[in-house]
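Participant: Let me begin by handing over the structure; questions about it come next.
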Amino acid sequence: MNFVLLIACIGMIAGSFILLSLSPMTFTDAVFVRLIDKPKSLRDEINEATRRKKQSYLRRQIAETQVILKATGREKSFPRLCALSLAFFAAGASIAIVLGNFILVPVMAVGLMLLPFWYIRLNQSHYRKDIAAELETALSIITTSYLRNEDILTAVGENLNYLNPPVMAVFKTFLTRVKLVNPDVEAALHDLKDQIDNAVFREWCDALIACRHDRSLKTTLIPIVTKLSDMRVVNGELENMVFEPRKEFIIMQLLVVGNIPILYFLNQDWYHTLMHTVMGQFVLTVCAAVIFVSTAAVIKLTQPIEYRR
């Protein structure tokens, strides 16, 4: 019966979209813009600016996802991500309704809605690792050339063909700007350090700017580049340390979810108590909430370490 009512509800929603000539993407944009740009009082804005009051978890996830997509050059995919998140929201609520567990509806809906944003955060860690690895190679060879000829344009130019995207595009833009647009190297270096979100890279650019006023400071470049190697080693050790706990966490989640269908074959009475009584439904809701909360915590705690000044 619940399944029939759910199909009828989906049909009513689809009919409403057709009658109002409203596309799903337009509706999704309106919902998430409302969440992001919700009107706030002046006190709330001051408290958030001074970090006395944190943003809600959902708004923080949306804002962080936008930053990640912009940094990776995929900001145009944000509307599709929001639409996917809304679809997951509906799917989570539908699963709980079909199971006849109305206590589970908000937990499943919100938990599944956050899955696309968590996926982007996981991809961000791999992207940052790749950027750090490419920066380690690029800054090392450019620094070696710069120590030899003391000219950053020559150092970048003679090593440009050995670089890989996206670092190559950043340095290529730097060369083009200085040679064809504005010969002010110092201003170009100031703009260069904002092109890649990496603290060591920004420190390296600041050291290059300082070297233009005092050539003796060029000896500070090698220790700065070495920080990237140190962070790679530390992250490698961290990855080995968290591999086993992460694997055990995934296995425990599969066991918790897998016990429900297994219980159906082992003991019908226990299965009926779990699925069709208020106490059993409450237990399922608590288990689902713990799974989603622990997943968010694991994603946060297993992010790669980054150097901060």
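The values are calculated or read from the model by the stated rules, or taken from the named source; none is laboratory data. If you're wondering where the values come from, they're calculated on a predicted model, not measured in any experiment. As a convention, Cβ positions derive from the backbone with ideal geometry for all residues, glycine included, and neighbour counts pool all protein chains shown. The accessibility values were calculated without ligands, DNA or RNA, using every heavy atom of the protein model including side chains. Shrake-Rupley method; radii C 1.70, N 1.55, O 1.52, S 1.80 Å.
Participant: Can you tell me which residue among LYS179, LYS172, LYS193, LYS218 is in contact with a Cys (Cβ under 7 Å, 6 or more places away or on another chain) and without any contact (Cβ under 8 Å) to a residue 60 or more places away in the chain?
Facilitator: That would be LYS193, the only listed residue that is in contact with a Cys (Cβ under 7 Å, 6 or more places away or on another chain) and without any contact (Cβ under 8 Å) to a residue 60 or more places away in the chain.
Participant: Out of the residues in the stretch 111-134 that are open to solvent by 70 Å² or more (accessible area, probe 1.4 Å) and in contact (Cβ under 8 Å) with a residue 40 or more places away in the chain, state the one that is farthest from LYS227 (Cα to Cα).
Facilitator: Here the residue is LEU122.
Participant: Filter the stretch 84-112 down to the residues that are assigned to a helix (DSSP H, G or I), more than 13 Å from CYS287 (Cα to Cα) and either among the small types (Gly, Ala, Ser) or in contact with a strand residue (DSSP E or B) (Cβ under 9 Å, 6 or more places away or on another chain) (or both) and list them by number.
Facilitator: SER85, ALA87, ALA90, ALA91, GLY92, ALA93, SER94, ALA96, ALA109
Participant: Looking only at the stretch 281-303, decide whether some residue is assigned to a loop (DSSP other than H, G, I, E, B) and at pLDDT below 80.
Facilitator: Yes: the stretch 281-303 contains one or more residues that are assigned to a loop (DSSP other than H, G, I, E, B) and at pLDDT below 80.
Participant: Restricting attention to the stretch 247-263, which residues are hydrophobic (A, V, I, L, M, F, W, C) and either open to solvent by 80 Å² or more (accessible area, probe 1.4 Å) or closer than 23 Å to THR302 by Cα (or both)?
Facilitator: PHE249, ILE250, ILE251, MET252, LEU254, LEU255, VAL256, VAL257, ILE262 - these are the residues of the stretch 247-263 that are hydrophobic (A, V, I, L, M, F, W, C) and either open to solvent by 80 Å² or more (accessible area, probe 1.4 Å) or closer than 23 Å to THR302 by Cα (or both).
Participant: Taking into account only those residues within the stretch 144-156 that are more than 16 Å from VAL170 (Cα to Cα) and either in a helix (DSSP H, G or I) or modelled with pLDDT of 85 or more (or both), which is most open to solvent (accessible area, probe 1.4 Å)?
Facilitator: Of everything passing the filter in the stretch 144-156, ARG148 is most open to solvent (accessible area, probe 1.4 Å).
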